[in-house]
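Engineer: Below you will find the structure I want to go over with you.
The values are calculated or read from the model by the stated rules, or taken from the named source; none is laboratory data. Because the structure is predicted, anything quoted here is derived from the model rather than measured. As a convention, Cβ positions derive from the backbone with ideal geometry for all residues, glycine included, and neighbour counts pool all protein chains shown.
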There are 2 protein chains.
Amino acid sequence: MARKTATPQLTQDHTELIVLSVLSEGPSYGYSISKQIAARSEDEFRIGASQLYPLLTKMEKQGLVETDWEEIKSKSADPDAPGRKRKWYRLASKGERRLQQRIEAHKRFTSLINSFIATDPAAGAVA
Amino acid sequence: MARKTATPQLTQDHTELIVLSVLSEGPSYGYSISKQIAARSEDEFRIGASQLYPLLTKMEKQGLVETDWEEIKSKSADPDAPGRKRKWYRLASKGERRLQQRIEAHKRFTSLINSFIATDPAAGAVA
DNA sequence: CAAGATATATCGGTTTCAGATATATTGCAA
DNA sequence: TTGCAATATATCTGAAACCGATATATCTTG
């Protein structure tokens, strides 16, 4: 059960980039987004509920995403019971633009970091 | 006086990586390190004194760097005057190992982020 | 001789982080 | 059939990080 955080922590900017990327593939909802990120990163990126939900709310307020509530009907229980709710997020056009900005910023960021470590004789270039 | 933070902020981990990279090219001191980073990143990475000095102190305590004080002699003033002090930092072997770790972590980090944005149809790969 | 650059360092208000907590439903296995 | 894990959203809160401002002092240049 090794818990080494070898990979640097995610800043909110990076988290936003990843969330926008996930949503660019189609609408999703909070819990699924966090599971997708964990699964696709082999558990190296973990976005907890306390980071994800405030971020999604912020993104909604900024108009990057649009939302819909889904009422999940219970299969076995009373069909008139309230049931669980699921909040779907889909990328707004403003969010698509933001995603492109974040990708560009990430490219600059990476190439700048690379320019520093590239001068280190023992460092291989980051492919 | 545009102050757009186009590039994501630096986490302390990333700052440490950059500082270690600079020191891997040879000993330096705080003020010079911050100037080098700004110059080599075309001012996109700015490590202020309030981030750099505490980080250098921490790195020293962790044995990543070793230090020496230099007494800078004034050209014009009294040769017995105290003069300005300059604290030189040089990479310790522990720091070299840490640098390699940070580089590896950065590579993993970058390739993970790339794996997310690569699935975005509009995203070019980060070279 | 004043202003700006060099040089190190801390203070303190704001923001961010992430584990814990809260609440409720659903599915499954003992 | 009951209880636990998983699903699902959301906030609270103590700790850590961030970064502009401040402090102090020297050196250089016009």
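Engineer: Can you pull out the residues in region A:31-51 that are in a helix (DSSP H, G or I), in contact with a Phe, Trp or Tyr (Cβ under 9 Å, 6 or more places away or on another chain) and within 11 Å of DNA strand C (Cβ to nearest atom)?
Structural biologist: Hit for region A:31-51 is A:Ala49, nothing else.
Engineer: A further question on this structure: Which one of B:Gln51, B:Gln101, B:Gln36 is exposed (fewer than 14 other Cβ atoms within 10 Å of the Cβ) and either modelled with pLDDT under 95 or not acidic (Asp, Glu) (or both)?
Structural biologist: Being exposed (fewer than 14 other Cβ atoms within 10 Å of the Cβ) and either modelled with pLDDT under 95 or not acidic (Asp, Glu) (or both) holds for just one of B:Gln51, B:Gln101, B:Gln36, which is B:Gln101.
Engineer: Need the failing condition index for B:Ala105 against (1) in contact with a Ser or Thr (Cβ under 6 Å, 6 or more places away or on another chain); (2) within 12 Å of DNA strand C (Cβ to nearest atom), just the number.
Structural biologist: (2)
Engineer: Looking only at residues that are among the β-branched types (Val, Ile, Thr) and over 22 Å from the mean Cα position of the chain (by Cα) in region A:104-120, which one is surrounded by the fewest Cβ atoms within 10 Å (Cβ to Cβ)?
Structural biologist: Among those residues, the one meeting the criterion is A:Thr119.
Engineer: While we're on this one: I want to confirm something. Restricting to region B:16-30 and keeping residues that are in a loop (DSSP other than H, G, I, E, B) and within 15 Å of DNA strand C (Cβ to nearest atom), which single residue is nearest to the other protein chains (Cβ to nearest Cβ)?
Structural biologist: Looking at the filtered set, the residue picked out is B:Gly26.
Engineer: Would it be correct to say that A:Trp69 is loosely packed, with under 13 Cβ neighbours inside 10 Å and within 13 Å of DNA strand D (Cβ to nearest atom)?
Structural biologist: Here the answer is yes, as A:Trp69 does meet what is asked.
Engineer: I've got another one for you. For region A:43-66, name all the residues that are of a type in the set (Gly, Ala, Ser) and away from DNA strand D (no atom under 11 Å from the Cβ).
Structural biologist: A:Gly63
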